[in-house]
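To keep things clear, I will list the structure first and then write my remarks on it.
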Amino acid sequence: MFRTHLGLFHYLGPVALLAFFLPTEALAQRSHPPIAFAPPTLSLTASKSIVTTCEGTPSQVQLDAPATSPDGNPVRYRWSATGGRITGDGPRVVWDLEGLAPGIYKATINIQTGNTKGECEAFTSTTVVVKGCAPVIQPACPNVEVVSPANVAVDQPVTFSSNVYGGTPVVSPIYNWTVSAGTIMEGQGTSSIKVATTGLAGQTIKATLSLGGQALDCSASSGVSIPLPQAKSRKFDEFPAISRNDEKARLDNYAIEIQNDPTSTAYVVIYPLRSARAGDTQRRSQQILDYLVNTRHLDAKRIVSVIGGARDELHVELWICPQGTTPNQP
């Protein structure tokens, strides 16, 4: 029997043990459910998307990466970038891109959160474009030309005009004119001016144009000479046959006028009487010449005697002729 019992136990023992442990394992599984972790949240923003690496221009970008763990676990940050330097740690850092070549650079944030039972990880990135400095354009004056008038007359207004083109930057010119003599009659603030020249014969007028609205002193000048009045001969006196003393008085005044202009020439024009005898006109001419030379001390080389056409009465004309001129033809 014992054996029988022993034999029966031999066959039924393992079954009994299995029946004993199965409820225990099932109970253990019901008391410890599987662990499930909630993923963290993460976002990344940059204060700038474009950086210009010029002198005096900030090259730093602030990166903000707020993250949360639904389970309340601490968050660990790990930053990296394809260029530049990241300063700081945690959710807010500064990305310095100074000295980088133009291009596109990426910053990446990787976070980890969890505990001893398990960890979760999340990451994201952002890019910033680095641009080089634009070439510095040095200011340059436009081409400024002042054009003087070609024909100038005594006491007549003259017109100065200008040509303005080119330069950097191109701006609308502001015309400011000045003149060395004369008066600007019209045109100030425009590309041409008219200048009064009355009383300026023999002088040179210089017109200067300065352009406003420029970073530099942009100016140009041009001058024009006002001619002297054209020299003309003039009749100083004339008289018929008069007494010798009256003639001397007239010749005295004539000589004084000639002496006041050392460059002038005295022309004595005699229109003889039609009925005059041969030689009378020559003697009259010589008489006048002798008085001017011997009494009034004029240089004989400065006196010209001319015989005009015969008339019904004797007539004498005294002309003063500046250098290069002659009296009207008798």
Open item on the list: Looking only at the stretch 100-117, how many residues end up being without any contact (Cβ under 8 Å) to a residue 40 or more places away in the chain and either aromatic (F, W, Y) or in a strand (DSSP E or B) (or both)?
Closed with: 7
Task: Long-range neighbours under 6 Å by Cβ, at least six apart or interchain, first residue on the phi > 0 side of the Ramachandran plot within the stretch 237-250, second part of a helix (DSSP H, G or I) - done: none
Open item on the list: Looking at (1) modelled with pLDDT of 90 or more; (2) under 16 Å from A122 (Cα atoms), which one does L63 not meet, given that it meets all the others?
Closed with: (2)
TODO: Please find, within the stretch 197-240, the residue that is nearest to the chain's Cα centre (by Cα) out of those that are surrounded by 13 or more Cβ atoms within 10 Å (Cβ to Cβ) and under 30 Å from Y271 (Cβ atoms).
DONE: A231
Open item on the list: Is it the case, given these coordinates, that R244 is modelled with pLDDT under 95 and touching a strand residue (DSSP E or B) at 6+ places or on another chain (Cβ under 7 Å)?
Closed with: no
Open item on the list: Anything in the stretch 69-79 that is touching a strand residue (DSSP E or B) at 6+ places or on another chain (Cβ under 8 Å) and exposed (fewer than 12 other Cβ atoms within 10 Å of the Cβ)? List them, or say none.
Closed with: P74
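Each row is one residue, and each column tells you yes or no for (1) in contact with a Lys or Arg (Cβ under 7 Å, 6 or more places away or on another chain); (2) modelled with pLDDT under 95; (3) farther than 30 Å from K301 by Cα.
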| site | (1), (2), (3) |
| --- | --- |
| G167 | no, yes, yes |
| I184 | no, no, yes |
| L211 | no, yes, yes |
| D217 | no, yes, yes |
| S233 | no, yes, no |
| P272 | no, yes, no |
| S275 | no, yes, yes |
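Given the stretch 118-201, what strands (runs of 3 or more DSSP E) lie entirely inside it while holding 1 or more residues that are in contact (Cβ under 8 Å) with a residue 24 or more places away in the chain, within 30 Å of A38 (Cβ to Cβ) and of a type outside the set (D, E)?
Fully inside the stretch 118-201 and qualifying: 118-131.
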TODO: Among the residues of the stretch 80-96, count how many are more than 42 Å from the chain's Cα centre (by Cα), under 16 Å from V128 (Cβ atoms) and either crowded, with 16+ Cβ neighbours inside 10 Å or acidic (D, E) (or both).
DONE: 3
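Just to be sure, is T281 among the hydroxyl-bearing types (S, T, Y), within 58 Å of the chain's Cα centre (by Cα) and at pLDDT below 95? Break it down stepwise before answering.
Working: among the hydroxyl-bearing types (S, T, Y): yes; within 58 Å of the chain's Cα centre (by Cα): no; at pLDDT below 95: yes.
Taking the combined requirement at face value, the residue does not satisfy it.
Kindly indicate which of R283, R250, R277 is outside any strand (DSSP E or B), surrounded by 14 or more Cβ atoms within 10 Å (Cβ to Cβ) and not aromatic (F, W, Y). Break it down stepwise before answering.
Numbers: R283 fails: surrounded by 14 or more Cβ atoms within 10 Å (Cβ to Cβ); R277 fails: surrounded by 14 or more Cβ atoms within 10 Å (Cβ to Cβ).
One residue alone meets the criteria, R250.
The values are calculated or read from the model by the stated rules, or taken from the named source; none is laboratory data. Being a predicted model, the structure only gives us computed values, none of them experimental. We place every Cβ from the backbone using ideal geometry, glycine too, and count neighbours over all the protein chains shown.
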